[in-house]
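The values are calculated or read from the model by the stated rules, or taken from the named source; none is laboratory data. The shown structure was predicted, so the numbers you read here are calculated from the model rather than taken from an experiment. Please note: Cβ atoms are built from the backbone with ideal geometry, for glycine as well, and neighbour counts cover all protein chains shown.
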Amino acid sequence: MEDDEAQEFAISNLTEKGRMANKIELTVDEIVERFVGSFGFSQLLHVFLVSLAWIFDSQNMLITIFSDAQPASWRCIGSSSSCINSSNDGRDASSVCGLVPGSWEWVGGSTSSTIAEWGLICDRKFLAAIPASLFFLGSLLGYAAYGRLADSSFLGRKRTVLLSCLLTSITAFLTSLSPNVWIYALLRFASGFARSGIGVCCLVLSTEAVGHKWHGQVGQYGFFFFTSGYLSLPLIAYPTRTNWRNLYRIISLLPLLYSLFILPFVSESPRWLLVRGRSKEALEVLERYATLNGKKLPTNLSLSEPFPSKMVGQGRKSLPTSDTQMNLWTTKWAAKRIATVMVVGFGVGFAYYGVQLNVENLNFNLYFTVALNAMMEIPAVFIGSVLLSFTNRRQLFSQSAYVAGVSCILRVVFSHGRHEKTDEYKWSCTQLTLESIGFMAASTAFDVLYIYCVELFSTNMRNFAVSLLRQALMLGASLAPLLVVLGRQNPSLSFLVFGALSIFSGLLSLWLPETRNAPLYETLEQQEEEEKLNYVSEESGLELGK
């Protein structure tokens, strides 16, 4: 009996040793490419569910185009002689500054926008820029907070999106109850902070689930939903054009419904789970992806340790968030890289958001111009998605930035080329065309920069790096409304600044390395080692070529 037990134990021990000997240890990239599928049905569904959040992210960001718009015209009330004798035709809002209060009214009503309700014109006109600027400043701070939360061992990507969506819904509804411009500005600041987690996490959560060849395209799919949210704004704003508060109430419902009924079906990032020492859960996520793709992972498969060998013997299973910041700012090449990305992002953010907000200074119907700009984002996303599959990131970004800048500057040139009043419509159409081309190019540059940033940094600092980029974008965006207010008197000045900054960003991006077809590294140490090896290989190839 004892001999049988001993023999059985020996056989099981040999079986276990054999299984361990045949154990396959691979990285996330290798498992995705070899067993899961680079981009199958499971990843398509995952990307779709995650990217839906971009819709209300763009709605909350750009809603002030309508809620804070200057009314198109005014009219006299009764038989006030001071109003009737005015030489103005009712289309220039600045002309009411000399009229007696109560002798005129806005054609759309006093609740059509915040400017109409709180009288943000004449000597109070710069107050109109404060809510939009504070929104972007709130976003700037929010990106820093959410970037740390998304990389932390507590929340991660998915829970950060949930938190951001719920807070976005609450702050949007509270904004509709604002009693004055100061409370309104404060709530816009809170709204900017709340929605920041969506932009920080959705891009990373999408790209970390697919093979490296699909990083660019997947990121572009997310921006398509951002565009969809932008395009939906005129459709929501037009029926609520007599009451800006109803516009906020409607858009507050979408993130709440998404949090309750869609987000529970989204998987956490397997790369984040691995970096946090939760390799078993990461493998389970990959198993679910493989199952939906009609495939199966080998039973002896395991994820390779993503940390340097010096950490393995110390029993270290995860990197705290503080390591992400320490590595980013104390490693010379990483610090230079993120600093360059942030400066480039500032210029792109200033131009991208500024051109969008500046549509009210064009001599066209506001709803038409916003819808046109939104539709121009669709070809921008499509073109960017196609070009990213075979074009270098750096080249595509810089050239898009150049086109955006040149279009804005040409728009200034054509604005001074009109001499005959009969040519006004023709010149206005030319300016609108240039503005649309410039915005499409700025949109392409904006989208590509996000993909570029994701690929420039490793998993343990990726969300933090993207959050810093978002902060730089929002810093530029927070200054844009001030220039838009100045543009109400001199539109050429604002377009000139937007164009110059866009060209500058394109030039500065030439100092960044190319990332096309590069893998997503898990840690900074791994990235530094692999990039050095690639650099040495390239140098050796050049020497042999000589």
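Among Val370, Val381, Val355, Val341, which is the only one that is part of a helix (DSSP H, G or I), under 16 Å from Ala480 (Cα atoms) and of a type outside the set (Phe, Trp, Tyr)?
Val355
Residue-wise test of (1) under 18 Å from Leu62 (Cα atoms); (2) assigned to a helix (DSSP H, G or I); (3) touching a Phe, Trp or Tyr at 6+ places or on another chain (Cβ under 6 Å).
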position	(1), (2), (3)
Thr160	no, yes, yes
Ser164	yes, yes, no
Leu167	yes, yes, no
Pro179	no, no, no
Trp182	no, yes, no
Leu187	yes, yes, no
Phe193	yes, yes, no
Gly197	yes, yes, yes
Val200	yes, yes, yes
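Being surrounded by 23 or more Cβ atoms within 10 Å (Cβ to Cβ) and either of a type in the set (A, V, I, L, M, F, W, C) or over 11 Å from Ala441 (Cβ atoms) (or both) is the filter here, so list the residues in region 378-395 that pass it. Before the answer, list the steps.
At the first step, the residues of region 378-395 found to be surrounded by 23 or more Cβ atoms within 10 Å (Cβ to Cβ) are 380-381, 384, 388, 393.
Ala380, Val381, Leu388, Arg393 - these are the residues of region 378-395 that are surrounded by 23 or more Cβ atoms within 10 Å (Cβ to Cβ) and either of a type in the set (A, V, I, L, M, F, W, C) or over 11 Å from Ala441 (Cβ atoms) (or both).
Results for (1) over 19 Å from the mean Cα position of the chain (by Cα); (2) surrounded by 23 or more Cβ atoms within 10 Å (Cβ to Cβ); (3) outside any helix (DSSP H, G or I); (4) without any contact (Cβ under 8 Å) to a residue 12 or more places away in the chain, shown as yes or no for each residue.
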site: Asp447; (1), (2), (3), (4): no, yes, no, no
site: Met474; (1), (2), (3), (4): no, yes, no, no
site: Ala480; (1), (2), (3), (4): no, yes, no, no
site: Ser494; (1), (2), (3), (4): yes, yes, no, no
site: Ala500; (1), (2), (3), (4): yes, no, no, no
site: Glu514; (1), (2), (3), (4): yes, no, yes, no
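Would you check if Val161 is of a type in the set (A, V, I, L, M, F, W, C) and in contact with a Cys (Cβ under 9 Å, 6 or more places away or on another chain)?
For Val161, the condition - of a type in the set (A, V, I, L, M, F, W, C) and in contact with a Cys (Cβ under 9 Å, 6 or more places away or on another chain) - is met.
Of the conditions (1) outside any helix (DSSP H, G or I); (2) touching a His at 6+ places or on another chain (Cβ under 9 Å), Ser206 fails just one. Which one is it?
Ser206 satisfies all of (1) outside any helix (DSSP H, G or I); (2) touching a His at 6+ places or on another chain (Cβ under 9 Å) except (1).
To keep it simple, each residue is scored yes or no on (1) free of Cβ contacts under 8 Å to residues at least 24 places away in the same chain; (2) among the charged types (D, E, K, R).
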position: Cys165; (1), (2): no, no
position: Thr175; (1), (2): no, no
position: Ile183; (1), (2): yes, no
position: Arg188; (1), (2): no, yes
position: Trp214; (1), (2): no, no
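Quick grid of which residues meet (1) at pLDDT below 95; (2) closer than 18 Å to Ser169 by Cβ; (3) in a helix (DSSP H, G or I); (4) not polar (S, T, N, Q):
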site: Ile236; (1), (2), (3), (4): yes, yes, yes, yes
site: Arg241; (1), (2), (3), (4): yes, no, no, yes
site: Pro255; (1), (2), (3), (4): no, yes, yes, yes
site: Leu274; (1), (2), (3), (4): yes, no, yes, yes
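Being part of a helix (DSSP H, G or I) and at pLDDT 80 or above, is that true of even one residue in region 417-434?
yes
Which residue pairs have Cβ atoms closer than 6 Å, lie 6 or more positions apart in sequence or on different chains, and pair a first residue in region 101-130 that is at positive phi with a second residue that is modelled with pLDDT under 85?
Here the result reads Cys122/Cys97, each pair linking region 101-130 to a residue that is modelled with pLDDT under 85.
Criterion first (of a type outside the set (Gly, Ala, Ser), at pLDDT 95 or above and over 19 Å from Leu256 (Cα atoms)) does Trp182 satisfy it?
yes
Taking the condition of being modelled with pLDDT under 85, in a helix (DSSP H, G or I) and of a type in the set (Asp, Glu), how many residues in region 102-136 meet it?
So the answer is 1.
For region 281-297, state whether one or more residues are over 14 Å from Val28 (Cα atoms), modelled with pLDDT under 60, out of contact with any strand residue (DSSP E or B) (no Cβ under 8 Å at 6 or more places or on another chain) and not hydrophobic (A, V, I, L, M, F, W, C).
no
Condition test on Glu268, is it part of a helix (DSSP H, G or I), of a type in the set (D, E, K, R), touching a residue at least 12 places away in the same chain (Cβ under 8 Å) and in contact with a helix residue (DSSP H, G or I) (Cβ under 7 Å, 6 or more places away or on another chain)?
Spelling it out, it is not the case that Glu268 is part of a helix (DSSP H, G or I), of a type in the set (D, E, K, R), touching a residue at least 12 places away in the same chain (Cβ under 8 Å) and in contact with a helix residue (DSSP H, G or I) (Cβ under 7 Å, 6 or more places away or on another chain).
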